[in-house]
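S.K.: First the structure, then my questions, so here it is.
The values are calculated or read from the model by the stated rules, or taken from the named source; none is laboratory data. All values reported here derive from a predicted model rather than from experimental measurement. Reconstructed Cβ throughout: ideal geometry from the backbone, glycine too, with neighbour counts over all protein chains shown.
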Amino acid sequence: MQPILEHIQRALGDNAGLALGYFLLAVLSSQVVLLAYSSAARLSHERRQRRLDHERLETLVRAAKYRYKEAQEVIQGWNGYRKFTVRQKTGECEDVFSFYMVPHDRKPLPPFKPGQYLTFGLDIPGRDKTVVRCYSLSDSPTRPDCYRVTIKREKAPPDKPGVPHGVASSFFSDHVKEGDLLNVKAPTGHFFLDMTKNTPICLLGGGVGLTPMLSMAKAVAESGSPREVWLFFGCRNGAEHMLREDLNRLRGFDNIRVVVCYSRPGKADVKGEDYDREGRVTIEVLKEILPSNNYEFFMCGNGAFMKALNDGLEAWGVPEKDIHYEAFGPATVKKKAAPTAPTVTTGPACKVIFAKSGKEVEWNPAQSNLLDFALEQGLRIESGCRAGSCGVCSVAIKSGTVDYIKAPDAAPEGGSCLTCICRPKGDLVLDA
Ligand SMILES: Cc1cc2nc3c(=O)[nH]c(=O)nc-3n(C[C@H](O)[C@H](O)[C@H](O)COP(=O)(O)OP(=O)(O)OC[C@H]3O[C@@H](n4cnc5c(N)ncnc54)[C@H](O)[C@@H]3O)c2cc1C
């Protein structure tokens with residue numbers, strides 16, 4: 001460097017110092033410009049990188065939130081109706097069909113608790129209003145790639161031959177076919193088996209009341225739990241023996257005992273093959289077969305079936321807390337107020353006026369709710385879940401107030417009451 005500078009100095013003579021100064025200044029300036037440019041470029045790159053990182057983070061957060069929402073939906077179910085496609089319709093026995101349904105949106109299905117039910121909103125030709133009905137999930141909840149319900153056509157009562165058969169159950173039997181779409185609400189219901197417990201259980205199913213019982217028994221079987229299970233199923237004969245394969249498969253589990261009782265076996269029915277005992281499922285049968293009364297009992301069937309068994313179990317010393325039941329129709333099991341229910345009125349009797357029907361009746365304090373009371377009076381009030389969830393039994397109150405036996409799952413419209421879970425507080429006028 002030194003010889004070059006000296007050479008330049010010699011060449012430039014007296015102005016050499018000045019020229020050299022300019023030269024050095026130019027070099028320095030270009031260095032400063034270069035440095036400033038590269039710093040600005042680096043800063044801009046870093047800023048862009050930070051913005052990209054931020055955007056990437058935001059995308060990740062959005063995706064996580066979406067996945068969380070999806071997972072919550074899967075766990076909690078969904079709001080309102082969701083479309084389901086009938087994948088399979090299987091005849092189980094006379095007038096009973098099983099429907100296997102998959103979600104039309106193909107998204108995952110939430111698991112349910114064994115014993116819970118689905119609520120259907122059915123648009124039935126010839127009906128101006130959507131018909132709402134509930135049907136128990138009849139299969140195991142452990143692998144819900146589809147939901148199954150099993151539905152029995154409800155025929156006209158024998159003493160009223162002129163009236164039509166049940167509207168929804170006939171629609172399912174006669175019209176719903178594979179590929180059809182149905183509007184379905186998420187599984188719900190307070191009648192279910194607590195799978196975290198290990199207490200021995202006795203399941204009592206009468207007729208189509210077998211559906212929630214089967215779900216419970218299959219849940220225990222498929223979970224691999226050693227929990228002791230007794231399942232009693234009562235029907236008339238082989239023609240009414242629904243879900244036979246499922247019941248037979250349960251016999252293969254050491255901890256599960258299945259007892260099928262035919263009250264009137266047919267000529268072709270073979271004891272030991274088709275059924276285990278002749279006669280109904282009664283308290284005497286339970287006393288004879290069960291090793292003790294130390295079980296949690298779950299029952300579902302018609303009113304007479306449940307009333308007889310409930311009374312028998314209570315008389316046998318089974319605590320009320322160990323007897324659980326689900327009523328598919330008018331509930332006539334427990335006349336006592338449930339522990340959580342308000343105390344049954346013993347004060348002055350009150351009047352219930354059904355304004356539309358022109359009926360004025362003394363309230364029967366032994367009756368469990370206004371819906372059953374109205375049915376007892378011969379009125380027809382539509383009902384669905386009978387548990388304060390579906391809102392179908394809602395009736396407008398013209399005057400008076402009601403007490404709720406349990407809080408409604410969804411508040412009824414202002415000025416109305418859910419008759420399936422309430423009782424009059426005093427004189428009451430209903431728009432029914
Ligand atoms: C939680 C829950 C779970 C259920 N699970 C199941 C299940 O798993 N499987 C199942 O099959 N059912 C189940 N049910 C019952 C189901 O919801 C329906 O109540 C049943 O299918 C009858 O409904 P429907 O519309 O066919 O009958 P509806 O039309 O409601 O008629 C009911 C009865 O009244 C009669 N009737 C009609 N008109 C008159 C009239 N003018 N006067 C007198 N009687 C009349 C009909 O002939 C019929 O016998 C369940 C119910 C609840 C609450």
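S.K.: Take the range 199-221 and flag every residue that is out of contact with any Leu (no Cβ under 8 Å at 6 or more places or on another chain), within 13 Å of the ligand (Cβ to nearest atom) and not β-branched (Val, Ile, Thr).
M.R.: Of everything in the range 199-221, those that are out of contact with any Leu (no Cβ under 8 Å at 6 or more places or on another chain), within 13 Å of the ligand (Cβ to nearest atom) and not β-branched (Val, Ile, Thr) turn out to be Gly206, Gly207, Gly209.
S.K.: Ser136: closer than 21 Å to Ile256 by Cβ, near the ligand (Cβ under 8 Å from one of its atoms), within 21 Å of the chain's Cα centre (by Cα) and in contact (Cβ under 8 Å) with a residue 40 or more places away in the chain, yes or no? Spell out how you get there, then give the answer.
M.R.: Details: closer than 21 Å to Ile256 by Cβ: yes; near the ligand (Cβ under 8 Å from one of its atoms): yes; within 21 Å of the chain's Cα centre (by Cα): yes; in contact (Cβ under 8 Å) with a residue 40 or more places away in the chain: yes.
Spelling it out, Ser136 is indeed closer than 21 Å to Ile256 by Cβ, near the ligand (Cβ under 8 Å from one of its atoms), within 21 Å of the chain's Cα centre (by Cα) and in contact (Cβ under 8 Å) with a residue 40 or more places away in the chain.
S.K.: Which residues, taken from the range 380-407, are under 18 Å from the mean Cα position of the chain (by Cα) and on the phi > 0 side of the Ramachandran plot?
M.R.: Passing the criteria: Arg386, Gly388, Gly391.
S.K.: Can you pull out every residue in the range 151-179 that is surrounded by fewer than 12 Cβ atoms within 10 Å (Cβ to Cβ), within 15 Å of Arg127 (Cβ to Cβ) and more than 6 Å from the ligand (Cβ to nearest atom)?
M.R.: Within the range 151-179, Asp174, His175 meet the criteria.
S.K.: Does Leu210 satisfy the criteria of being closer than 20 Å to Ala304 by Cα, surrounded by 20 or more Cβ atoms within 10 Å (Cβ to Cβ), in contact (Cβ under 8 Å) with a residue 12 or more places away in the chain and in contact with a strand residue (DSSP E or B) (Cβ under 7 Å, 6 or more places away or on another chain)?
M.R.: In short, yes.
S.K.: Something else about it: Consider only pairs whose beta carbons are under 8 Å apart and that are at least six residues apart or on different chains; among these, list those whose first residue lies in the range 156-177 and is under 21 Å from Ser383 (Cβ atoms) and in contact (Cβ under 8 Å) with a residue 12 or more places away in the chain and whose second residue is more than 8 Å from the ligand (Cβ to nearest atom) and in a loop (DSSP other than H, G, I, E, B).
M.R.: Sorted first by the residue in the range 156-177, then by its partner, the pairs are Val167/Ile124; Val167/Arg127; Ala168/Ile124; Phe171/Ile124; Ser173/Asp95.
Results for (1) without any contact (Cβ under 8 Å) to a residue 60 or more places away in the chain; (2) in the same structural domain as Val229 (by TED's automatic domain parsing); (3) within 21 Å of Ser140 (Cβ to Cβ), shown as yes or no for each residue.
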residue: Arg244; (1), (2), (3): no, yes, yes
residue: Arg251; (1), (2), (3): yes, yes, yes
residue: Ser263; (1), (2), (3): yes, yes, no
residue: Glu273; (1), (2), (3): yes, yes, no
residue: Leu290; (1), (2), (3): no, yes, no
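S.K.: Being in a loop (DSSP other than H, G, I, E, B), farther than 19 Å from Arg133 by Cβ and in contact with a Leu (Cβ under 7 Å, 6 or more places away or on another chain) is the filter here, so list the residues in the range 379-426 that pass it.
M.R.: Result: Gly400, single match.
S.K.: On to the next question. Of all residues in the range 346-400, which are modelled with pLDDT of 95 or more and polar (S, T, N, Q)?
M.R.: Scanning the range 346-400 gives a single hit, Ser399.
S.K.: Hey, another quick one. Which of the helices (runs of 4 or more DSSP H) found entirely inside the range 222-328 contain at least 3 residues meeting this: β-branched (Val, Ile, Thr) and at pLDDT 95 or above?
M.R.: Where helices (runs of 4 or more DSSP H) fall fully within the range 222-328 and carry at least 3 residues being β-branched (Val, Ile, Thr) and at pLDDT 95 or above, they are 283-289.
S.K.: Still on this structure, please answer the following. When you check Asp427 against the structure, is it under 24 Å from Phe191 (Cα atoms) and out of contact with any helix residue (DSSP H, G or I) (no Cβ under 7 Å at 6 or more places or on another chain), yes or no?
M.R.: no
S.K.: If a residue must be closer than 23 Å to Phe191 by Cα and of a type outside the set (A, V, I, L, M, F, W, C), how many such residues does the range 277-310 contain?
M.R.: So the count comes out to 10.
S.K.: Within the range 181-198, restricting attention to residues that are part of a loop (DSSP other than H, G, I, E, B) and surrounded by 14 or more Cβ atoms within 10 Å (Cβ to Cβ), which residue is farthest from the ligand (Cβ to nearest atom)?
M.R.: Among them, the one singled out is Met195.
S.K.: Still on this structure, I have one more. What pairs come out if I take residues in the range 397-423 that are in contact (Cβ under 8 Å) with a residue 60 or more places away in the chain and pair them with residues that are among the acidic types (Asp, Glu) whose C-beta lies under 8 Å away, six or more apart or interchain?
M.R.: Pairs found: Arg423/Asp403.
S.K.: Moving to a separate point now. For the range 407-424, enumerate the residues that are of a type outside the set (A, V, I, L, M, F, W, C) and surrounded by 15 or more Cβ atoms within 10 Å (Cβ to Cβ).
M.R.: Pro408, Asp409, Pro412, Ser416, Thr419, Arg423, Pro424
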